[in-house]
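Here the structure comes first, spelled out in structure tokens, and everything after it is commentary.
The values are calculated or read from the model by the stated rules, or taken from the named source; none is laboratory data. Because the structure is predicted, anything quoted here is derived from the model rather than measured. Glycine also receives a Cβ, built like all others from the backbone with ideal geometry; neighbour counts cover every protein chain displayed. Keep in mind that these areas ignore ligands, DNA and RNA; they rest on the heavy atoms of the full protein, side chains included. Shrake-Rupley method; radii C 1.70, N 1.55, O 1.52, S 1.80 Å.
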Amino acid sequence: VTPLRADNPPTYLFQIDSAAVPGGFQPKFVVLDSSNNIYVTDISNDRVVKFDRNGNYLAQWGSYGSGNGQFWDPEGIAVDSSNNVYVVDERNYRVEKFNSNGDYLTQWGGYGPANGQFSDPIGIALDSSNSVYVTDEATYLVQNRVVKFDGNGNYLAQWGSYGSGNGQFSDPTGIAVDSSNNVYVVDGANDRVEKFDGNGSYLTQWGAYGSSNGQFYGPMGIAVDSSGNFIYVADYGNSRIQVFVNNTSIIPPD
């Protein structure tokens, strides 16, 4: 039985598959800059790949290693107001910062429990003041649910529980917020995306296990453009990024 929904799910528009990238790619997390260029962490090749908003390949940077600009399992990725790119370099226990062309700028972190160090960094986000927030999975700073805080880290709300029903999760991974403060959560083990309002009220969902358009195999990251129309999902197991739209009048790029 199709569940009742308070909102219409977005529709599939197009995809960026591994053939679009020299050497292929396996996207983990995804983010957009102010021009809606797409940056993706490619964990299988230890690099970042950049596309324009229509999925045209632009650039890549990084390789396996621990030097400046190298990665060992790049995970979360974020962009600041100047379009600098921040990448969580998980197995090197650090965050690296680049400009939009991929030129290395700086880094911080290191292994350990001290402030500013990491045990298993995964996710990253920036606020409007360019403050950087990093989730450190091994030290249990993030729960298996959605938790909402204000800009000072004060607890506001939470929602979700284990399961496959509306508003439930099994291995939630990527999360994004649109310009209307709707929240999109990638429900990885259920191979779907769920959408909520800013208070955590369930709105809709889409996706199922598979490799057809609109289906997922272990989805991970998600990003929403500034208009709130375009939604980009890193379909990790299918080695592609799928693009969805809320505005059904939008047509796919040539």
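Residue-level analysis places Asn130 among those that are assigned to a loop (DSSP other than H, G, I, E, B), on the phi > 0 side of the Ramachandran plot and not small (Gly, Ala, Ser).
Name the one entry in Ser179, Ser164, Ser170 that is under 20 Å from Ile124 (Cα atoms), in contact (Cβ under 8 Å) with a residue 12 or more places away in the chain and of a type in the set (Ser, Thr, Tyr).
Ser179
Yes or no: Ala189 small (Gly, Ala, Ser) and touching a residue at least 40 places away in the same chain (Cβ under 8 Å)? In short, no.
Applying the criterion of at least 3 residues that are at pLDDT below 95, open to solvent by 20 Å² or more (accessible area, probe 1.4 Å) and out of contact with any helix residue (DSSP H, G or I) (no Cβ under 8 Å at 6 or more places or on another chain) to the strands (runs of 3 or more DSSP E) found wholly in segment 19-127 leaves 121-126.
Among the residues of segment 4-18, those that are within 21 Å of Tyr217 (Cβ to Cβ) and outside any strand (DSSP E or B) comprise Pro9, Pro10, Ser18. Do the conditions hold for Val146, that is, is it under 25 Å from Asp225 (Cβ atoms) and in contact with a Pro (Cβ under 8 Å, 6 or more places away or on another chain)? Yes, satisfied. Looking at Gly174, Gly218, Gly237, which is the one that is surrounded by fewer than 18 Cβ atoms within 10 Å (Cβ to Cβ), under 15 Å from the mean Cα position of the chain (by Cα) and either at pLDDT below 95 or not in a loop (DSSP other than H, G, I, E, B) (or both)? Going through Gly174, Gly218, Gly237 in turn, just one is surrounded by fewer than 18 Cβ atoms within 10 Å (Cβ to Cβ), under 15 Å from the mean Cα position of the chain (by Cα) and either at pLDDT below 95 or not in a loop (DSSP other than H, G, I, E, B) (or both): Gly237.
When segment 145-165 is filtered for residues that are open to solvent by 70 Å² or more (accessible area, probe 1.4 Å) and assigned to a loop (DSSP other than H, G, I, E, B), the ones remaining, listed by number, are Arg145, Asn152, Asn154, Ser164.
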